[in-house]
Amino acid sequence: MTTTPGRDGGSRAWALDEIWFDTSGSTGAARRWFRLPHQMEREVRLIGESLVGPVDHVVNYAPPQHLFGALFGQWLPRMAQVRVHQAWSCPYEPLPITPGERVLVVCVPMAWDLLRRSWSTLERAGSVVALHSSAAPPSAARDLVRRAAPLLRAHEILGSTETGGIAHRPLVPGENAEGRWRAFPDVSFVHDAKAPAGRAQELVVSGPRLARPESRTCPPAYWATGDLVDFTGPRAFRLVGRSSSLLKVNGIKVHLARVSERLSARLPQAECVVLPVSDAPLTGEGYMIFWSDRGRGTGVTDIREALREFPSPARIVHLADLPRTATGKPDRKALLAAL
């Protein structure tokens with residue numbers, strides 16, 4: 001993250017003090033997106049007031065060159081005038097927790113196993129709130145929430161570089177990936193709860209926190225996220241999949257997000273990444289699964305059993321550890337390079 005003057009001759013409001021973030025390009029071409037300080041402040045206040053509450057100390061595992069890490073690892077500590085420990089740069093150092101303080105932990109997937117190992121230190125805190133974003137929480141997250149409640153409360157945030165935070169849900173023991181999301185108050189939907197129940201709609205959002213793409217002089221009026229959702233009530237929905245993740249395997253429609261959800265629900269001790277295959281020898285389209293369980297006893301037979309209701313994967317690949325990007329997401333390019 002950095003600040004820079006606008007380069008495209010746009011209006012003065014979008015030419016001064018902009019903050020830019022690059023998308024990774026892992027699911028498309030890398031692009032640069034710009035935000036204004038008031039958008040950053042608005043998101044910090046919105047999520048801070050609705051989910052976090054007062055804090056004395058922030059422990060940040062999200063690199064600040066990404067929006068999530070910048071918002072809650074830099075802007076929130078500065079606005080609240082509280083100390084921050086940038087754990088992303090030194091993840092294995094002991095956590096400097098003062099007894100009785102109110103702690104916010106900014107989490108990406110790799111943080112949860114570290115928090116579980118450090119819980120004897122975190123137990124000194126008066127309260128701990130964890131915000132999780134950037135990818136589905138690993139099994140270590142639910143394990144820790146189960147063991148550490150009520151001292152620890154955790155929330156997932158659904159959002160992106162382009163949109164900021166869209167919706168949230170509590171991260172609770174036993175909750176699987178199909179739990180319902182609730183939109184933040186300033187987010188509007190182009191398709192909403194009037195859509196027929198059970199019919200997937202693409203999640204298209206608008207609001208005051210949309211970022212400006214480098215190619216334009218102002219933010220778009222709305223943004224299509226690529227997520228497919230089933231609206232379950234006013235400002236609430238369940239994720240169904242990705243509009244780009246639908247395959248036909250031997251004529252049977254398969255949402256790769258549904259495959260991921262099933263594996264997460266049935267095999268919480270393992271971490272699985274599902275990727276499409278465009279040239280499966282028998283089925284044409286297909287999918288493959290990369291998985292790691294770090295010696296917890298999961299096998300290929302367990303994966304196939306969990307997916308009995310789905311067409312079989314074209315390939316199942318076991319790795320000791322799944323490669324990750326800087327924000328803790330599985331690195332899809334590195335996974336394919338491991339074949």
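Only one of Ser118, Ser133 is surrounded by 17 or more Cβ atoms within 10 Å (Cβ to Cβ), within 25 Å of Gln269 (Cβ to Cβ) and more than 22 Å from the chain's Cα centre (by Cα). Can you tell me which?
When all the criteria are applied, what remains is Ser118.
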Scanning segment 25-77 residue by residue, those more than 26 Å from Leu114 (Cα to Cα), open to solvent by less than 30 Å² (accessible area, probe 1.4 Å) and not in a helix (DSSP H, G or I) turn out to be Gly25, Trp33, Phe34, Arg35, Leu36
For segment 210-251, which residues satisfy the criterion of being modelled with pLDDT of 85 or more, closer than 19 Å to Gly159 by Cα and of a type in the set (Lys, Arg)? Arg212, Arg235, Arg238
Selection over segment 93-119 where residues are in contact (Cβ under 8 Å) with a residue 12 or more places away in the chain and among the charged types (D, E, K, R) yields a count of 4
Residue match in segment 10-24 (condition: open to solvent by less than 50 Å² (accessible area, probe 1.4 Å), at pLDDT 90 or above, over 17 Å from the mean Cα position of the chain (by Cα) and of a type in the set (A, V, I, L, M)): yes
What number of residues within segment 88-131 are of a type in the set (S, T, N, Q) and closer than 17 Å to Gln74 by Cα? 1
Restricting to segment 287-328, name every residue that is open to solvent by 80 Å² or more (accessible area, probe 1.4 Å), farther than 15 Å from Pro268 by Cβ and assigned to a loop (DSSP other than H, G, I, E, B). Arg308, Glu309, Ser312, Asp321
Pick from Leu263, Leu335: which is at pLDDT 85 or above, part of a helix (DSSP H, G or I), out of contact with any helix residue (DSSP H, G or I) (no Cβ under 7 Å at 6 or more places or on another chain) and closer than 29 Å to Leu67 by Cα? Leu335
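The values are calculated or read from the model by the stated rules, or taken from the named source; none is laboratory data. The structure displayed is predicted, hence computed values, not measured ones. All Cβ positions, glycine included, derive from the backbone under ideal geometry; neighbour counts span all protein chains shown. Please note that ligands, DNA and RNA were not included when accessible areas were found on the heavy atoms of the full protein model with its side chains. Shrake-Rupley method; radii C 1.70, N 1.55, O 1.52, S 1.80 Å.
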